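Report on one structure; see the data block that follows.
The values are calculated or read from the model by the stated rules, or taken from the named source; none is laboratory data. Just so we're clear, the structure is a prediction, and the values are computed from it rather than from any experiment. Cβ atoms come from the backbone with ideal geometry, glycine included; neighbour counts cover every protein chain shown.
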Amino acid sequence: MLLDRLHSDDLLVLLAVGRTGRFTAAAETLGLNHTTIARRIDTLEQALGGRALTRGAAGWELTDLGRQAFVAGEQVEAALRRLTSDVGGSPTLSGVVRMSATDGFSAYLAAPAVVSVRRRHPGINVEIVTATRLASQNRTGLDVEIVVGEPHVHRAEAVRLADYRLGLYASRRYLEENATPASAEDLTAHPLVYFVDAMLQVDDLDLARTLVPQMAESVTSTNVFVHVEATRSHAGIGLLPCFMADRHDDLVRVLPTVGAQLSYWLVTRTESLRRPEVAAFVAAIRAEVDHRRPELLGTTRT
């Protein structure tokens, strides 16, 4: 190893690539271009005397030598943070945290968590991409994913966040104009508002449809907010997350014994979770989920 050629800036570049898995994402994070990132990594590997990164199915991955250099880079980063403390003596956190989550979770759980973490750390910026899908095996560019159902992932950590319930809801006007179902058998006379069956990627959400296989579809969409608003517009009976439907007084839950309990899971790269700003955001998500647990389980409406 040529220590005289080992530069701390190159270690910080390795941190960015190791966390995102992509040169382009690292370049965006650091305000550099792709060519500069590649040149810095090449210089670092020459100084280390071996490969720090290897191409994998999920993008660039750290080698054993790269992990050693990554830890050294984290120490450099931590030292720099200690030099930029706030007036209270606490290290200031800054940087971009990128996450993917379902529509409902993004709006009602992730967004308040962003506000909470930014009150304490205004330098943290969170980018949210909404998607209802399986956990990605190629999570390059993402720090955090929120998915429905237990994921099967490699080179990542998966943690069960919370359970939430789906229930059957209809608008008051719809129930005035149509007979309120008194049993599961009565549901055959009502149209269902739910996901587009052919485009549903999440097995657990697909299983929820088996609760009411006898119902014909009315409005279907890949977006859960469309389900809620279509149900509020009297399109039929919606199979909706309780924490979203219970916000609307014009929606009535029918057949409360018919429903499904699903789980939100948090997936993150180990390297990303070691970033203080990512850890702070994950902690804020956990706190928000814990605070909203009764709503998630549909036990708050009387």
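Can you tell me how many residues within the range 197-213 are more than 18 Å from ALA101 (Cα to Cα), surrounded by 12 or more Cβ atoms within 10 Å (Cβ to Cβ) and not basic (Lys, Arg)?
Summing the residues that are more than 18 Å from ALA101 (Cα to Cα), surrounded by 12 or more Cβ atoms within 10 Å (Cβ to Cβ) and not basic (Lys, Arg) in the range 197-213 gives 4.
Do any residues in the range 58-69 that are among the β-branched types (Val, Ile, Thr) have Cβ atoms under 7 Å from those of residues that are crowded, with 18+ Cβ neighbours inside 10 Å, where the two are at least six apart or on different chains, and which pairs are they?
THR63/ALA52; THR63/LEU53
Out of all the residues in the range 171-181, is one or more closer than 20 Å to ARG247 by Cβ, touching a residue at least 12 places away in the same chain (Cβ under 8 Å), in the same structural domain as SER106 (by TED's automatic domain parsing) and touching a helix residue (DSSP H, G or I) at 6+ places or on another chain (Cβ under 6 Å)?
Yes - at least one qualifying residue is present in the range 171-181.
Would you check which residues across the range 250-282 are without any contact (Cβ under 8 Å) to a residue 60 or more places away in the chain and aliphatic (A, V, I, L, M) and list them?
ALA279, the sole residue that qualifies.
Only one residue in THR188, THR180, THR222 is surrounded by fewer than 15 Cβ atoms within 10 Å (Cβ to Cβ), part of a loop (DSSP other than H, G, I, E, B) and among the hydroxyl-bearing types (Ser, Thr, Tyr), so which one is that?
When all the criteria are applied, what remains is THR180.
When only residues in the range 64-112 that are assigned to a loop (DSSP other than H, G, I, E, B) and of a type in the set (A, V, I, L, M, F, W, C) count, which is modelled with the lowest pLDDT?
Residues of the range 64-112 assigned to a loop (DSSP other than H, G, I, E, B): 84, 86-90, 92-93, 102.
Now narrow it down to the ones that are of a type in the set (A, V, I, L, M, F, W, C): 87, 93.
Values: VAL87: 49, LEU93: 78.
Once the filter is applied, the top-ranked residue is VAL87.
Please work out which one of (1) outside any helix (DSSP H, G or I); (2) without any contact (Cβ under 8 Å) to a residue 12 or more places away in the chain is the condition THR300 fails and give its number.
It fails just one condition, (2).
Within the range 45-68, take every residue that is within 27 Å of GLU127 (Cβ to Cβ), of a type in the set (A, V, I, L, M) and touching a helix residue (DSSP H, G or I) at 6+ places or on another chain (Cβ under 8 Å) and give me the one that is surrounded by the most Cβ atoms within 10 Å (Cβ to Cβ).
By that ranking, first place goes to ALA52.
Does LEU266 satisfy the criteria of being assigned to a strand (DSSP E or B), of a type outside the set (Phe, Trp, Tyr), crowded, with 22+ Cβ neighbours inside 10 Å and modelled with pLDDT under 95? Let's see the steps before the verdict.
Values: assigned to a strand (DSSP E or B): yes; of a type outside the set (Phe, Trp, Tyr): yes; crowded, with 22+ Cβ neighbours inside 10 Å: yes; modelled with pLDDT under 95: yes.
Yes: the conditions hold for LEU266.
Quick test for you: out of VAL278, VAL258, VAL228, VAL193, pick the one residue that is surrounded by fewer than 20 Cβ atoms within 10 Å (Cβ to Cβ) and either assigned by TED's automatic domain parsing to the domain that holds THR132 or assigned to a strand (DSSP E or B) (or both).
Numbers: VAL278 fails: surrounded by fewer than 20 Cβ atoms within 10 Å (Cβ to Cβ); VAL228 fails: surrounded by fewer than 20 Cβ atoms within 10 Å (Cβ to Cβ); VAL193 fails: surrounded by fewer than 20 Cβ atoms within 10 Å (Cβ to Cβ).
The match here is VAL258.
Go through the range 5-24 and give me each residue that's among the small types (Gly, Ala, Ser), out of contact with any Phe, Trp or Tyr (no Cβ under 8 Å at 6 or more places or on another chain) and either outside the structural domain of LEU44 (by TED's automatic domain parsing) or closer than 15 Å to GLY95 by Cβ (or both).
Across the range 5-24, the qualifying residue is only ALA16.
Only one residue in ASP203, ASP197, ASP143 is more than 19 Å from VAL289 (Cβ to Cβ), touching a helix residue (DSSP H, G or I) at 6+ places or on another chain (Cβ under 8 Å) and modelled with pLDDT under 90, so which one is that?
Working: ASP203 fails: touching a helix residue (DSSP H, G or I) at 6+ places or on another chain (Cβ under 8 Å); ASP143 fails: more than 19 Å from VAL289 (Cβ to Cβ).
Only one candidate passes the filter, namely ASP197.
One residue is enough: does the range 27-47 have a residue meeting the conditions at pLDDT below 80 and closer than 22 Å to LEU273 by Cβ?
Yes, because at least one residue in the range 27-47 is at pLDDT below 80 and closer than 22 Å to LEU273 by Cβ.
Among the residues of the range 113-133, which ones are under 30 Å from PHE195 (Cα atoms) and surrounded by 14 or more Cβ atoms within 10 Å (Cβ to Cβ)?
Answer for the range 113-133, where residues must be under 30 Å from PHE195 (Cα atoms) and surrounded by 14 or more Cβ atoms within 10 Å (Cβ to Cβ): ALA113, VAL114, VAL126, ILE128, THR130, ALA131, THR132, ARG133.
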